[in-house]
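Enquirer: The structure's right below; bear with me while I get my questions together.
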Amino acid sequence: MQNCKINNQIRRLRFEHGEMTQEELGDKVGVTRQTIIALEAQKYYPSLELAFRIARAFSVHVEDVFQHSDG
Amino acid sequence: MSRLEKHAWFNIAVFAAACVLFAIAYPRIGLLPATGCIGLCGLWGLTPRLFYPKGNLYAFLDEREQVIMRRSLQNGHAVFWALYFLSGMLAWTLHRGSDITIPADALIPLVVGSLIVVEVVRSISVLILSKTGLNHAEL
């Protein structure tokens, strides 16, 4: 399997959306604060469904939140 | 700390208590009655399930925690089969050429002991995977 890395802009988008807390984002998308922490630290790559829910929470497209880069 | 990690710590605490009780009881009342102490701890281990809908922890977990839960179960299974292999080979090696068989009384503690090890490994896996991270595509 080819090595790849998925970057995300969750932290930046949270602050651009009224300094939304990790807890608030977690509640919006139906996951725990620990999962938002893991996502921001790129320790966890979300399912496609969760990726879409996060994008919808910020009213942006999925590719505005997640970017794929070959490593 | 997530609910899953708390549950894992609770499991480890239950098994530590079971080991301590067994170590105290075994010299006094013997092997089989001492396993009863482990059984009592098993009852204690069931108590958190009273607070889960239909006794199901999964209902409280999000997708990352479910992935961690599944991976930890896989680790527990792997350890069980490794123990199964090692204990079988050990018994065969020790008693090869003799007509000694494993006493029936030892079977229950062996099975209970194996399951305890599996559950402890599963709980430790949960704690490690929660800290180190896991990708959704890794299953």
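Enquirer: Can you report the number of residues in region B:100-115 which are among the polar types (S, T, N, Q) and at pLDDT below 70?
Expert: Filtering region B:100-115 down to residues among the polar types (S, T, N, Q) leaves B:101, B:114.
The next check asks that each one be at pLDDT below 70; those that pass are B:101.
Total satisfying the criteria: 1.
Enquirer: Same structure again: Quick one: is residue A:36 in contact with a His (Cβ under 6 Å, 6 or more places away or on another chain), surrounded by 12 or more Cβ atoms within 10 Å (Cβ to Cβ) and of a type in the set (A, V, I, L, M, F, W, C)?
Expert: So residue A:36 does not fit the description; no.
Enquirer: If residue B:52 satisfies every condition in (1) touching a Pro at 6+ places or on another chain (Cβ under 7 Å); (2) modelled with pLDDT under 80 but one, which is the exception?
Expert: Only one criterion is unmet by residue B:52, namely (1).
Enquirer: Only helices (runs of 4 or more DSSP H) wholly contained in chain A count here; list those with 1 or more residues that are away from chain B (no Cβ under 13 Å) and of a type in the set (D, E, K, R). So that I can check it myself, show each step before the final result.
Expert: On the way: elements: A:10-16, A:22-29, A:33-40, A:48-57, A:62-65.
Hits in chain A: A:10-16, A:22-29, A:48-57, A:62-65.
Enquirer: Also, quick follow-up: Return the total of residues in region B:6-18 being out of contact with any Lys or Arg (no Cβ under 9 Å at 6 or more places or on another chain), surrounded by 15 or more Cβ atoms within 10 Å (Cβ to Cβ) and in contact (Cβ under 8 Å) with a residue 60 or more places away in the chain.
Expert: 4
Enquirer: Might you check whether a residue that is out of contact with any helix residue (DSSP H, G or I) (no Cβ under 8 Å at 6 or more places or on another chain), under 17 Å from residue B:12 (Cβ atoms) and either modelled with pLDDT under 85 or within 14 Å of chain A (Cβ to nearest Cβ) (or both) occurs anywhere in region B:116-135?
Expert: Yes: one or more hits.
The values are calculated or read from the model by the stated rules, or taken from the named source; none is laboratory data. These figures come from a predicted structure and were not determined experimentally. Quick reminder, even Gly has a Cβ in these numbers, built from the backbone with ideal geometry, and neighbours come from all protein chains shown.
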